[in-house]
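Accompanying notes for the structure given below.
The values are calculated or read from the model by the stated rules, or taken from the named source; none is laboratory data. What you see is a predicted model; the values in this text were computed from it and never measured. A quick note on method: Cβ atoms are made from the backbone with ideal geometry, for glycine too, and the neighbour counts reach across all protein chains shown. These area figures cover heavy atoms from the full protein model, side chains too; ligands, DNA and RNA do not enter into them. Shrake-Rupley method; radii C 1.70, N 1.55, O 1.52, S 1.80 Å.
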Amino acid sequence: LSNNAVDDNVLTLAGPAQPVISVDPAINPASTIRRVVLAGSDGFVLDGGGTLNLFKENTDPTNTITGGIVLSNSTLQVQGINVDTLNLANTLALGTVSSFTFYGGTLNLRPTANTPVEYGNVNGDLIVPDGQTGMLVLPPRFSGFVGDNSAAIGNGLGGSLTGGGTLDIVTMYVRAAIVGDWSAFTGQINVTREGGPSGEDKQIRFGNPA
């Protein structure tokens, strides 16, 4: 689904119940919303077992969708294009979302794997209910060098983490700073490292003292 180069094109998700986007991998393993402004006040449920790509270039208008996104055994993937050392896809695609709830789903915040690039920020809260699992794929960095040793919301992954399930985190570089308060989480966190420059440490940096 593309905006056909018309920035005023808006896709508004609404209904008496929370809207549902279903991606069936038996029909198409991935679907893409490209450059369209995604709007609505109640988020959406992503199910079906496939992947939904939210594609944003740096000059695209930001999505305005608010509320929470429920990831039910499906993957939400942010995609974008690097311009020099900047890729704003995360901020433009998901900057207004208030929360992400995992029911076996995946949130992939790695638009590309280039390490010198800054990938914006996401501040929605993360919720992994008791007995559930989720996967969070971190970008090489969020705010770049400005996010190093910072506890300020806006310099990394700013949402809280709550619930008692299992969250698998995949990291590939050193500046995917977590600045939200994760102290209320009572479940299990598993960290896996992959990719990135050879010889480099793969890190998760917690900027919040909690």
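A few notes on this one:
- Residue that is nearest to Val137 (Cα to Cα) [pool: residues in the stretch 80-98 that are part of a strand (DSSP E or B) and in contact with a Phe, Trp or Tyr (Cβ under 9 Å, 6 or more places away or on another chain)]: Gly80
- Residue ID - farthest from Asn190 (Cα to Cα), chosen from residues in the stretch 109-128 that are part of a strand (DSSP E or B) and either in contact with a helix residue (DSSP H, G or I) (Cβ under 6 Å, 6 or more places away or on another chain) or open to solvent by less than 30 Å² (accessible area, probe 1.4 Å) (or both): Glu118
- Extreme residue, nearest to Gly68 (Cα to Cα), among residues of the stretch 13-31 that are among the polar types (S, T, N, Q) and modelled with pLDDT of 95 or more: Gln18
- Set Ser31, Ser74: member being of a type in the set (Ser, Thr, Tyr), open to solvent by 20 Å² or more (accessible area, probe 1.4 Å) and out of contact with any Cys (no Cβ under 8 Å at 6 or more places or on another chain): Ser31
- Residue that is nearest to the chain's Cα centre (by Cα) [pool: residues in the stretch 110-132 that are among the hydrophobic types (A, V, I, L, M, F, W, C) and closer than 17 Å to Ile69 by Cβ]: Val122
- Checklist (1) buried (at least 17 other Cβ atoms within 10 Å of the Cβ); (2) within 22 Å of Arg141 (Cβ to Cβ) applied to Thr101, failing item: (2)
- Residue match in the stretch 53-69 (condition: of a type outside the set (D, E, K, R), without any contact (Cβ under 8 Å) to a residue 40 or more places away in the chain and open to solvent by less than 10 Å² (accessible area, probe 1.4 Å)): yes
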